[in-house]
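Written below as structure tokens is the structure these notes are about.
The values are calculated or read from the model by the stated rules, or taken from the named source; none is laboratory data. Since the structure is predicted, the reported quantities are computational estimates derived from the model, not experimental observations. As a convention, Cβ positions derive from the backbone with ideal geometry for all residues, glycine included, and neighbour counts pool all protein chains shown. Note: accessible area is taken over every heavy atom of the protein model, side chains too, but ligands, DNA and RNA are not part of it. Shrake-Rupley method; radii C 1.70, N 1.55, O 1.52, S 1.80 Å.
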Amino acid sequence: MQLVDIGVNLTHPALAKDAPSLLQRAYDAQVMQLVLTGTSLEESEQALALCGELDDSRQRLFATAGVHPHQASEWTADSGRQLAELLRQEPARAVGECGLDFNRDFSPRGQQERVLEEQLELAVQLGLPVFLHERDADQRMAQILRPFRDCLSAAVVHCFTGEKRALYAYLDMDLHIGITGWICDERRGTHLHPLVREIPRGRLMLETDAPYLLPRTLRPRPKSGQNEPAYLPLVLKEVALHRGESEADLAEHTTVCARAFFGLPAIE
């Protein structure tokens, strides 16, 4: 059984300080490939560098490059050019993390929308898929995505935590859906239990979003309270339970899906 973690914040200091050991624990847990998340120009550059430093085989670590809506206010007239240069590096496999966050509003909403549109345009130009973030903005996200969808190769709404309305709108646009340990949270994630059954095979992928969203089903809990890719099997277990699938079957089709989406090589 092999798994792909499509969302790991390995540039986060909590993970970067112990990256080689963290990766070995992931591989030991059959999490064989990881996509490192870029959330700003600086962190995207760092993520790409980590791929080169920590993966001699060039088969296990890949990255996204983009500007998160929280950092949208930092976007300048030159940001698109800088981002395009990063996305032309070999480990870069998707534009993002980009999107809308109307929950925290760390950047003005109008600026978030403009920066998202510029990154979607870049994805179209480069023929790359998009790694999307959305909180409390599903209807506006759909409005912005719709005119681009026919020209985009693919897009995934990562760390999906929304309601049925949002899920169906995204699936109607043939978007992919990423599920995290949020589904393991008995306080706020139970609404996902019936919804994951609605995601078609070939549209579902798994992720940790480490170091965030430690699965609450993990026992014993680590003293650090931090998530890591080695815990992805707990997400697999919870999703398989609510989809009525075996863990082996779910692992197989989500791994095939992730490799096709990001253009990852198969590992023997």
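General remarks:
- Lone unmet requirement of (1) surrounded by fewer than 23 Cβ atoms within 10 Å (Cβ to Cβ); (2) free of Cβ contacts under 8 Å to residues at least 60 places away in the same chain for Met141: (1)
- The set of residues from the range 200-236 being out of contact with any Asp or Glu (no Cβ under 6 Å at 6 or more places or on another chain), farther than 26 Å from Ala169 by Cβ and assigned to a helix (DSSP H, G or I) comprises Ala230, Tyr231, Pro233, Leu234.
- If you filter the range 9-35 down to residues that are outside any helix (DSSP H, G or I) and of a type in the set (D, E, K, R), you find that the one that is most open to solvent (accessible area, probe 1.4 Å) is Lys17.
- Looking only at the range 165-183, and only at residues there that are under 19 Å from His253 (Cα atoms) and outside any helix (DSSP H, G or I), the one that is farthest from the chain's Cα centre (by Cα): Asp174
Residue by residue, here is whether (1) among the hydroxyl-bearing types (Ser, Thr, Tyr); (2) surrounded by fewer than 16 Cβ atoms within 10 Å (Cβ to Cβ) holds:
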position: Met205; (1), (2): no, no
position: Thr208; (1), (2): yes, no
position: Gly225; (1), (2): no, yes
position: Ala230; (1), (2): no, no
position: Val239; (1), (2): no, no
position: Leu250; (1), (2): no, no
position: Cys257; (1), (2): no, no
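- Test: residue in the range 184-196 that is assigned to a strand (DSSP E or B), modelled with pLDDT of 95 or more and of a type outside the set (Ser, Thr, Tyr): no
- Of all residues in the range 72-94, those that are closer than 24 Å to Val4 by Cβ have Cβ atoms under 8 Å from Cβ atoms of residues that are modelled with pLDDT of 95 or more and open to solvent by 70 Å² or more (accessible area, probe 1.4 Å), 6 or more apart or on another chain, in Leu86/Glu45.
- Among all residues of the range 54-75, there is none that is open to solvent by 20 Å² or more (accessible area, probe 1.4 Å) and among the β-branched types (Val, Ile, Thr).
- Inter-residue pairs, beta-carbon under 6 Å, first closer than 20 Å to Met205 by Cα and in the range 1-28, second open to solvent by less than 10 Å² (accessible area, probe 1.4 Å) and among the acidic types (Asp, Glu), 6+ apart: Asp5/Glu207; Ile6/Glu207; Gly7/Glu207
- Odd one out for Gly162 among (1) touching a helix residue (DSSP H, G or I) at 6+ places or on another chain (Cβ under 6 Å); (2) in a loop (DSSP other than H, G, I, E, B); (3) open to solvent by 50 Å² or more (accessible area, probe 1.4 Å); (4) not β-branched (Val, Ile, Thr): (3)
- Looking across Glu163, Glu198, one residue alone is of a type in the set (Asp, Glu) and either closer than 30 Å to Gln59 by Cβ or touching a Phe, Trp or Tyr at 6+ places or on another chain (Cβ under 8 Å) (or both). It is Glu198.
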